[in-house]
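Enquirer: Got a structure for you, questions after.
Please treat every number below as a calculation from the coordinates, not as lab data. Since the structure is predicted, the reported quantities are computational estimates derived from the model, not experimental observations. Neighbour counts run over all protein chains shown; Cβ positions are idealised from the backbone, glycine included.
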């Protein structure tokens, strides 16, 4: 009985470790500065910059406004995060198209807005 319990614990721990490593590898590939376009977004939010860090995404807009994400999750082909803009929560669901492009939507109470991120050249 003890052996089965230890085996179950070790299996769970291994699965969790692999998930954490996988998540950090995906985020690691995306770290850096990106520009984004969302032509259907409300005025003032149609374009800007995003900085993807290991534990947050910072959205920057014209006029110096910036908003950090509340949380970030990723897997092998996507990144999802939520940001609060002036008390309005917006969830971003993005697919990794290639090393230079992310595409998806910003999801909020008024509907979904298509958004595209392009890696900034350094």
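Enquirer: So how do 33, 62, 87, 82 line up by other beta-carbon neighbours within 10 Å, fewest first? Please report the intermediate quantities before stating the final value.
Expert: On the way: 33 14, 62 11, 87 5, 82 17.
Taking fewest neighbouring Cβ atoms as first place, the list is 87, 62, 33, 82.
Enquirer: Indicate the gyration tensor shape class of the stretch 59-122 (rounded, prolate or oblate), computed on the Cα atoms with a ≥ b ≥ c the square roots of the eigenvalues: a/c under 1.5 is rounded; otherwise a/b larger than b/c is prolate and the rest oblate.
Expert: Oblate, because a/c is 1.5 or more while a/b does not exceed b/c.
Enquirer: Which of 80, 90 comes first, and how do the rest follow, when ranked by fewest Cβ neighbours within 10 Å?
Expert: In increasing order of surrounding Cβ atoms, one gets 80, 90.
Enquirer: Let me ask something additional. For each of 65, 94, count neighbouring Cβ atoms within 10 Å of the residue's Cβ, then give the residues from fewest to most.
Expert: Ascending Cβ contact count within 10 Å gives the list 65, 94.
Enquirer: Please give the peptides 55-61, 71-77 ranked by average Cβ packing (other Cβ atoms within 10 Å per residue), highest first, as a rough proxy for protection. Walk me through the numbers on the way to the answer.
Expert: Values: 55-61: 16.7, 71-77: 13.9.
So the peptides 55-61, 71-77, ranked by packing, come out 55-61, 71-77.
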